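In what follows, a structure is listed as structure tokens, so that the remarks can point back to it.
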Amino acid sequence: MAVAGRGLVDPREPVFAADDEALLRGRSVFETVHVYGGRPFRLDEHLARFAASSGHVRLPPPDADECRRLADEVIGACGAENDLALRLYWTGRTLVATAGPIDPELESLRARGLRLAVVRWSTGALASAKSMSYAENMGAQDAAVAAGADDALLVGHDGTVLEAPTANVFWREGDRLVTPALELPILAGVTRAVVIEIAGRPVEEGVFPLDRLLGADEVFLCSSIREVMPVSAVDGTTFALGPAAAEAQRALRKLAAR
């Protein structure tokens with residue numbers, strides 16, 4: 001772990017003050033970046049979103065150069081050759097970077113596909129920010145796991161497909177990819193933007209009902225750490241693991257390796 005003004009710190013050491021609003025009110029933001037072979041992927045885009053999230057919760061933006069310096073410190077401490085999950089935290093008073101290994105079980109999940117449970121969702125003012133007020137998202141994920149699924153698919157009470165608690169959602173209709181538009185209360189995922197960039201097929205963004213997703217040829221999620229993750233079922237509807245997710249995953253890895 002690295003802390004602004006302190007450098008590398010033992011992860012067991014306290015870094016947040018007891019009167020920090022991150023603890024008192026949950027006013028804080030974070031960002032998660034996939035590190036490939038010691039190189040943070042799309043770090044500039046992540047830092048731009050980090051600053052935007054800060055604005056959503058009325059915090060000043062973190063110092064981008066300090067973020068990069070702390071990232072370099074923790075990546076170097078973990079071993080520059082490794083793939084890592086880099087996380088940045090900003091409370092308005094304290095800036096922290098941590099890094100750790102990627103969960104090896106993700107590849108097993110990718111091979112079989114995720115099972116999703118639909119969770120009806122009332123969006124809040126922070127839906128488009130990576131705020132550390134994440135209890136609702138984790139509650140939705142826990143409810144899905146309790147129902148026998150791996151993750152949740154958040155759907156508005158009007159039936160509009162939104163996202164997963166920590167990922168964006170795509171589906172394929174023939175040769176076309178479909179995904180909820182950023183005008184909806186969802187997170188502007190960095191990996192979502194990359195998938196659109198590398199898709200190699202038309203992408204339709206808009207407002208779509210759940211029935212349209214359930215009629216898709218293929219469904220997948222995407223996020224920084226899980227990358228492109230195929231979906232094998234949404235409630236009682238099953239899906240084959242199709243070509244679009246596999247192609248996007250290969251293209252993402254190829255781009256990250258450059």
Query raised in the report: How big is the Rg/Rh ratio for the chain, C-alpha atoms only, Rh by Kirkwood, two decimals?
Result: 0.97
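Using the alpha carbon gyration tensor of region 90-220, what are the three equivalent-ellipsoid semi-axes (square root of 5 times each eigenvalue), largest first, in whole Å? Numbers along the way, then the final one.
On the way: eigenvalues 114, 66, 62 Å².
After diagonalising the Cα gyration tensor, the semi-axes are 24, 18, 18 Å.
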Report summary line: Binned at 10 Å from zero, the C-alpha pair distances of region 6-126 give percents of 12, 35, 33, 18, 1
Query raised in the report: Say R0 is 25 Å: what FRET efficiency, to the nearest 0.05, do residue 207 and residue 237 get from their beta-carbon distance?
Result: 0.75
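Can you work out the accessible area per residue across the chain, with the rest of the protein chains kept in place, probe 1.4 Å, in square angstrom? Don't skip to the end; give the middle numbers.
Working: 11620 Å² over 258 residues.
I get 45 Å² per residue for this part.
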Report summary line: If one builds a Gaussian network model of the chain from Cα atoms under 10 Å apart, the most fluctuating residue listed among 237, 123, 91 is 237
Query raised in the report: Between residue 255 and residue 83, what is the spin-label point distance in nm, taking each point 7 Å from the Cα along the Cα→C-beta axis?
Result: 1.6 nm
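Would you mind putting 145-157, 8-20 in packing order, based on average other-beta-carbon counts within 10 Å, highest first?
Details: 145-157: 18.2, 8-20: 11.2.
The most tightly packed comes first, giving 145-157, 8-20.
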Query raised in the report: HN-Hα J couplings of region 231-245 from phi, Karplus 6.51/-1.76/1.60, θ = phi - 60°, integer Hz, Gly and Pro as x?
Result: 10, 9, 7, 10, 6, x, 9, 9, 9, 6, 7, x, x, 5, 5
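Return the calculated 222 nm mean residue ellipticity for the chain, to the nearest 500 deg cm²/dmol, obtained by summing -39500 (n - 2.57) across DSSP H runs with n ≥ 4 and dividing by the residue count.
On the way: 8 runs with 81 residues, N = 258.
Mean residue ellipticity at 222 nm (helix-derived): -9500 deg cm²/dmol.
The values are calculated or read from the model by the stated rules, or taken from the named source; none is laboratory data. Computed from a predicted structure; not experimentally measured. Neighbour counts are summed over all protein chains in view; Cβ atoms, including those assigned to glycine, are modelled from backbone coordinates with ideal geometry. When the accessible area is computed, the model is the full protein with side chains, heavy atoms only, and any ligands, DNA or RNA have been set aside. Shrake-Rupley method; radii C 1.70, N 1.55, O 1.52, S 1.80 Å.
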